[in-house]
Amino acid sequence: MTGISTTPRAAACAVAVDVALLTIQDGRLRLLLVEPDTPALAGRWALPGRRVRDEESLDDTAHRALDELAGITAPDAHLEQLRTYGDPDRDATDRVVSVAYLALTPMTDAPTDHDRARFWDTDDIGTSAGPSLAYDHDRIVPDAIERARSKLEYTALATAFVEEPFTLGELRTVYEAVWGVRLDAGNFRRKVVSTRDFVVEAGGLARPGPGGGRPARRYRRGSAQRLHPAMLRP
C-alpha cells in the first residue's frame, strides 16, 4: 500500500530549565534546593526550575526560577549550561525536556528566606541525612558538582565563589570545599601567584581573623579564563 507514512510522530514536549546553584558557606559546598508545590511530591526536594516562556531565553528562565522559587536575584552569578535531560518518564505529569544549568555565586549574593527553599550540604546529598530528590535530579546534581570540581582544575572558575577583593586563604577555602580535600597553604599560594593572570593584587590588607595572625594581601580576579598550568586535584 502506498501513500501511508511510517515516520514516527514527533513528540510534543515542554522545555524547562533547572538550575543547580552552588555556593560556599562556612567552608562547605552547598546546593540550593526547593520544595515543589505539587502534592504528589510532598516531602521531596528539587532544583529550582521553570518552564520556558515563549518570549524568554533559556538564561532568562534560569534567573526567573531562582527569583520566583528562592528569592535570589544574582545577575552577576556565573551561569553555564550543564547538559540536557530528556528521558520520557522524567516528569510523571507531562513530557518535559530540561536544560540544566550550573550556577555559582558567593554566599552573600544568595540569601534566601523562602520557607520552601534552603541550602543543603552537598556531602549529605544521596545519604540518609540528605534530601529525597524529585524527578531525575539525582542525576543532575552529581553532574553539576562534578562539572564544578573539574573546571576548578583548568579554569579560573573558583573566583566566582568569592567576593572581591579576596584573600588567597578565602580562595583556598573554595578549592578545599569543592574538592573535599585539605590543601597546603604555602603550596597553594605559590601555584596561584605563579599562574599568569589568575589573580592580581587589589591593594591593601585584609583584617586578621578571630585567630589573629598577619594581615593578608587582597586580590581580585585576573583576565585568565583558562589556567596554565592547571590546578590539579590531589
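Computed from the coordinates by the stated procedures, all read-outs in this text should not be read as laboratory data. Note that the coordinates shown come from a computational prediction; the quantities given were computed from them, not determined experimentally. A quick note on method: Cβ atoms are made from the backbone with ideal geometry, for glycine too, and the neighbour counts reach across all protein chains shown.
With +1 assigned to the C-beta of every Lys and Arg and -1 to the C-beta of every Asp and Glu, and no other charges, what is the dipole magnitude of the chain about the Cα centre in debye, to the nearest 20? It would help to have the intermediate numbers written out before the result.
Details: 31 positive and 35 negative charges, 252 e Å.
With Lys and Arg at +1 and Asp and Glu at -1, about 1200 debye.
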Could you work out the mean projected area of the convex hull around the alpha carbons of the range 83-234, in square nanometres to one decimal? 11.8
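Apply 1/(1 + (r/R0)^6) to the Cβ-Cβ distance of CYS13 and ALA230, taking R0 = 25 Å, and write down the FRET efficiency to the nearest 0.05. Could you put the intermediate results ahead of the total?
Values: r = 39 Å, r/R0 = 1.56.
Efficiency for this residue pair is about 0.05.
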Find how many whole Å separate the alpha carbon centroid of the range 61-139 from the alpha carbon centroid of the range 148-213. 26
Label zone at TYR154 (point 7 Å along Cα-to-Cβ), backbone N below 13 Å, the range 180-197: none
Residues with amide H under 5 Å from that of ARG83, placed H, sequence gap 5 or more: ALA100
Which trypsin sites (Lys or Arg not before Pro) does the range 153-234 hold that lie in a coil by DSSP with at most 12 other beta carbons within 10 Å? ARG182, ARG196
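Rounded to the nearest 5, what % of DSSP beta bridges with both residues in the chain are antiparallel?
Counting DSSP beta bridges with both partners in the chain, the antiparallel share is about 75 percent.
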Scanning the chain for GluC sites (Glu not before Pro) in DSSP loops with at most 13 other Cβ atoms within 10 Å, what's the longest stretch left with none? 56-162
Between ASP37 and ASP121, Cβ-based FRET efficiency (R0 22 Å, step 0.05) works out to 0.35
Using 0.36 nm per residue, how much length does the chain from ARG44 to ASP59 gain when fully extended, once their Cα-Cα distance is taken away? 2.8 nm
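What does the C-alpha gyration tensor say about the overall shape of the range 14-138? Classify as rounded when a/c is under 1.5, otherwise prolate if a/b is larger than b/c, or oblate. Can you show the working numbers first?
Details: a/c = 1.64, a/b = 1.14, b/c = 1.43.
Cα axes put the range 14-138 in the oblate bin.
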Positive end of the dipole of the chain, charges at C-beta (+1 Lys, Arg; -1 Asp, Glu), about the Cα centre: which of CYS13, ILE24, VAL200 has its Cα farthest in that direction? VAL200
Hey, what do the phi angles of the range 42-49 turn into as Karplus ³J(HN,Hα) couplings, whole Hz, using 6.51/-1.76/1.60 and θ = phi - 60°, x for Gly and Pro? 4, x, 10, 10, 8, 5, x, x
I need the fraction of alpha carbon pairs in the range 153-221 separated by more than 15 Å, rounded to a whole percent. 53
Pick from ALA74, ALA148, ALA12 the residue whose mean-square fluctuation is largest in a GNM of the chain, springs joining Cα atoms under 10 Å. ALA12
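Nearest-5 percent of antiparallel DSSP beta bridges in the range 14-138?
Details: 20 of 30 bridges.
If we restrict to bridges inside the range 14-138, about 65 percent are antiparallel.
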Compare GLY49, GLY203, GLY126 in a GNM of the chain, Cα atoms joined below 10 Å, and give the one with the largest fluctuation. GLY203
Listed residues THR84, PRO165, VAL141: farthest to the positive end of the dipole of the chain (Cβ charges): PRO165
